[in-house]
Structure formats: C-alpha cells, structure tokens
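S.K.: Take this structure first; my questions come after.
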C-alpha cells in the first residue's frame, strides 16, 4: 500500500490575474506562491519520500524544488507529462471572466465528461492519462520501496481533482464539487481492494503520521489473519499520534 501525496503548485502570476495559464511557458510562482510552496515543504519535511514526480511545467518544478529545499535528504525530482496541466487549447492565456461567457463554460461546469477544449484535449482524456500516470508510478514505487512507501506528485488543480474523483469513485461530471487550492496537500493510499482518500485540500497540520512504522516481527507460533486492505468497520482507531 504505497501512499501518494498530491501537491498542487503554489499560486502563480496567472492565478493572481485570473488568467487560464494552461501549458503556456514562463508561468512562474509569484511571491505568495513561493511562500506557499515553502510552507508545504516544511509540512512534508518529516515524511520520508521514496520519490517526487512533477509535472514538467515550470510552476510545478519550482514547487517541487521548494519541497526538496526543506529536506535534509530528498530523492531526485523526475517529471512526467502524464500529470501535466490539461491542454486547454485555444482557451489558454485568456481571462477566466471572458471564458465564462463561452457556451462551453457551462458544459465544463455541469458536464465535464462532455467537454473538449478547442484545439486541446477533452476532460475525459485529461482524467484518463493523469489517473493512469499516478497509478503507474504508485505501483512501481510500491514494488521498489515496499508497501509503506510515500511519494509526492506535484501537479495542477484540475489534474488533482480528476485523480481524487477517480479514487472516490465519483463520475467526472461531479468533480467540480472538489476544491484544490494552490500548494494544498491531498493524500491517497492505493490498495488491492480500493483507493483510500486520506485527505483533500489541506493547508496546514502535522503529517508525521505518514511516517511508516518500523516493521513488526512475525510470530512463529501464530499467523495474523488481518487484511490491511480492508476498511475498518466503525472507522477504526486512526493513525498513531506519534510516528
């Protein structure tokens, strides 16, 4: 059971001006976003990370760099186009207030599964490739580092919302009910039974409970029949308050 921490990039100049940046080059974190990324790095610092995978876009690479800077040791940051921003095509670079007047805007809001951006990709394609990328990395990291491995994916708002929607079993048409703020942390644990969404859109709080416990010695006289992939009936005891 590897665990992925989904981190949205910090606020950018485009976010602050109400512009849909999309995949335009040169979109960087502003001063607020830089501070947000630094604080997220401090939150994650106690958690050992097996990998950091970033969208190739500059704002995500800047955020990933801030996560690394907050740690004594960190894995090398790799990039994956699978978690890059949605290809908004002709919409990118335009003001949101102007896009809200387009007929397609209502479809994006109420039936995103039917939305395809002119000159870009559909929202269904966006979700399919981002979910596939996250699940592929998660499986590879668990295979290499073990079931307690924790890793980070630094990506974008709509990408993280679509991955969360998949994990929650939500239809894509409902994903606008989710909110993912700049530099927020959301957490998913994938298992053979189902994904478990452990947190969404968090901005503060101790994350040391994600530190894997030391391996327990197996008893020779008695085998445990517990299945760690099962959901605890009644809610369970939750994580320990100390790692």
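The values are calculated or read from the model by the stated rules, or taken from the named source; none is laboratory data. Model, not experiment: these values are computed from the prediction. Heads up, the Cβs are rebuilt from the backbone with ideal geometry, glycines too, and the neighbour counts pull from every protein chain shown.
S.K.: Hey, can you tell me all the residues within the stretch 1-20 that are buried (at least 21 other Cβ atoms within 10 Å of the Cβ) and assigned to a loop (DSSP other than H, G, I, E, B)?
M.R.: 2, 9, 10, 11 - these are the residues of the stretch 1-20 that are buried (at least 21 other Cβ atoms within 10 Å of the Cβ) and assigned to a loop (DSSP other than H, G, I, E, B).
S.K.: Here's another thing I want to ask about it. Free of Cβ contacts under 8 Å to residues at least 24 places away in the same chain, over 15 Å from the mean Cα position of the chain (by Cα) and surrounded by fewer than 19 Cβ atoms within 10 Å (Cβ to Cβ): which single residue out of 140, 147, 204 fits that description? Talk me through it step by step, then tell me what you get.
M.R.: Values: 147 fails: free of Cβ contacts under 8 Å to residues at least 24 places away in the same chain; 204 fails: free of Cβ contacts under 8 Å to residues at least 24 places away in the same chain.
None of the others qualify; the one that does is 140.
S.K.: Taking into account only those residues within the stretch 21-53 that are out of contact with any strand residue (DSSP E or B) (no Cβ under 8 Å at 6 or more places or on another chain) and assigned to a loop (DSSP other than H, G, I, E, B), which is surrounded by the fewest Cβ atoms within 10 Å (Cβ to Cβ)?
M.R.: Once the filter is applied, the top-ranked residue is 25.
S.K.: Next question. Filter the stretch 171-201 down to the residues that are touching a helix residue (DSSP H, G or I) at 6+ places or on another chain (Cβ under 9 Å), assigned to a loop (DSSP other than H, G, I, E, B) and free of Cβ contacts under 8 Å to residues at least 60 places away in the same chain, then identify the one that is farthest from residue 4 (Cα to Cα).
M.R.: For the stretch 171-201, the residue satisfying everything is 171.
S.K.: Look at residue 166 and say whether it is more than 30 Å from residue 43 (Cα to Cα), modelled with pLDDT of 95 or more and outside any loop (DSSP other than H, G, I, E, B). It would help to see each step written out before you state the result.
M.R.: Working: more than 30 Å from residue 43 (Cα to Cα): no; modelled with pLDDT of 95 or more: yes; outside any loop (DSSP other than H, G, I, E, B): yes.
Answer is no for this residue.
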